[in-house]
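Data first, discussion second: the structure below is written as C-alpha cells.
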Amino acid sequence: MAELALELHDLRGVDATREQLVAASRDLLPSCTEATLAVLGSDGSLSNVAATDPRVRRADELQQVLDEGPALDALRGEALVHSYDLAAESRWPDWASEIAGDLGVRSLLSLRLATQRDEVGVLTLYSDAVGGFGHEERESAQVLATHGAVALAAAHDVERMLDAMTRRTRIGAAMGIVMERFELEETVAFEVLRRLSQEQNRKLVDIADELVREREVDGLGPPRRD
C-alpha cells in the first residue's frame, strides 16, 4: 500500500492514475480477478473510465443500461457494497444474472472513492469465485480506495490548474496581438476580445485560440467608441 501511494503520487494525469488504480487493485487483493473504475456524470449517467478487462467494462456499462447495480448503489447510497454470491443476488436481479451468466463473475466489492471535498468515482472489484472479499480484504480494499481517491482528486486539481494556466497564456498571447496591431493598452485589448466573445457568443479562450493560431478572427477590429 505504501508503494502504491508513492506510485500514484508520481503519476501525471487523471487517466494514468485511473489505470494504475485498477491495475493495482487486481495485483494487491487476492480475491480480485478484474477491476473497474466508473464515474457518475452530472446528468446521473454512469460511465466507465478504466478497466483491467473489456468484459468487466461491459459490466459497468450494463448498470447504466439497466439502472441497477453495485456501482450505482455505492455512488447513490452506501459507500461500500459487497456481494458474496451474484448467482443468489436479489438487489440487482437483471444485472446480476447477466454478469454471473455471461461474464462468469461470482462475487464483487464496490467502493465509493471520495475525499472530504470531492467525490471522484466508484471502484468495483470482481472475483470469479463465490465468497470473495472477506472482512480483512474488504478493509484492505478500503485503504486502497482511500489512496486512490486522494490521488485522483490531486490529479484532477493539477489538470484544472494546467488548463487554467493554458487558457491564461492563450488569452495573454491574443491580447499581445491586438495590442500590437491596433496600438492599444493592455486593458483595452482585453476589452476588444471580451466584446468579441459576447457578440459571437463564444468563449473568450476560443476567440483567443483562433487568433493566436490563425492570426485573424472574424469581427476583429479596433475598439468602438460608444
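The values are calculated or read from the model by the stated rules, or taken from the named source; none is laboratory data. Since this is a predicted model, take the numbers as computed values, not measurements. All Cβ positions, glycine included, derive from the backbone under ideal geometry; neighbour counts span all protein chains shown. Surface areas here come from the heavy atoms of the whole protein model, side chains and all, with no ligands, DNA or RNA. Shrake-Rupley method; radii C 1.70, N 1.55, O 1.52, S 1.80 Å.
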Practice prompt. Mind checking the full-extension length gain between V158 and A173? Use 0.36 nm per residue of separation minus the Cα-Cα distance, one decimal, nm.
Written response: 3.2 nm
Worksheet item: Which entry in (1) -0.30, -0.78; (2) -0.35, -0.69; (3) -0.22, -0.67 is this structure's computed log10 I(q)/I(0) by the Debye sum over Cα atoms at q = 0.07, 0.12 Å⁻¹?
Response: (2)
Worksheet item: Tell me, what is the percent relative contact order of the chain, built from C-alpha pairs under 8 Å that lie six or more residues apart?
Response: 17 percent
Practice prompt. Kindly write out, for the stretch 23-32 in residue order, the coupling ³J(HN,Hα) from the Karplus curve 6.51 cos²θ - 1.76 cosθ + 1.60 (θ = phi - 60°), rounded to whole Hz, with x marking Gly and Pro.
Written response: 5, 5, 4, 5, 6, 8, 9, x, 6, 6
Worksheet entry | Top positive-direction residue, dipole computed over the chain with Cβ charges, set A164, Q200, L152 | Q200
Worksheet item: Once the whole set of protein chains is in place, how much accessible area is left on E78, using a 1.4 Å probe, in Å² to the nearest 10?
Response: 130 Å²
Worksheet, complete the sentence: So the carbon and sulfur contribution to the accessible area of the stretch 163-218, 1.4 Å probe, in percent, is 47 percent
Discussion item. From the phi angles alone, apply the Karplus equation (6.51, -1.76, 1.60; θ = phi - 60°) to the stretch 126-133 and give each ³J(HN,Hα) in whole Hz, x where the residue is Gly or Pro.
Written reply: 10, 10, 7, 10, 5, x, x, 6
Discussion item. For the chain, what does the helix formula give at 222 nm: sum of -39500 (n - 2.57) over DSSP H segments with n ≥ 4, over the residue count, nearest 500 deg cm²/dmol?
Written reply: -18000 deg cm²/dmol
Worksheet item: Got the relative contact order for the stretch 100-226 handy, in percent, Cα pairs under 8 Å and 6 or more residues apart?
Response: 18 percent
Item to complete: Could you provide, to the nearest whole Å², the per residue accessible area of the chain with probe 1.4 Å?
Response: 54 Å²
